[in-house]
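Before any comments, here is the structure.
Taken together, the values in this text are just the output of simple stated rules run on the coordinates, not laboratory data. All values reported here derive from a predicted model rather than from experimental measurement. Note that we place each Cβ from the backbone using ideal geometry, even for glycine, and neighbour counts take in every protein chain shown.
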Amino acid sequence: MTMTAEALTALLSGSVLGFSYAFAGYLMSRRAQTSPDKFMLWVAGGMLVRMFVALTIIAVVLATVPMQTTIFLGVFLTIFVLGVIVEIAVAHRS
């Protein structure tokens, strides 16, 4: 079985977006730890900004790039959930 160009594009795009979101979450968690008085502001505000940016990028990508939507969203959501787990673990550790 070979991957079509649309499937490969979806796999790579979902991975890049998912890892970017997870990395931004990790950085926000680390930043929040440096200022305990503004911890919730950094965590909640950062999550709100990241969600808005991610949903905007997802909408633009799905509207403009020909790809298999199911693969794109499946890969993104898998990495997204794993990233949230890591972000919670980092926040809990502090």
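Summed over segment 70-94, the residues that are surrounded by 13 or more Cβ atoms within 10 Å (Cβ to Cβ) and of a type in the set (Ser, Thr, Tyr) give a count of 1. If you go through segment 49-75 and keep only what is of a type outside the set (Ser, Thr, Tyr), touching a residue at least 24 places away in the same chain (Cβ under 8 Å) and part of a helix (DSSP H, G or I), you end up with Arg50, Ala54, Ile57, Ile58, Val61, Ile71, Phe72, Leu73, Gly74, Val75.
Here Ser20 clears all of (1) under 17 Å from the mean Cα position of the chain (by Cα); (2) surrounded by fewer than 16 Cβ atoms within 10 Å (Cβ to Cβ); (3) hydroxyl-bearing (Ser, Thr, Tyr) except the condition numbered (2).
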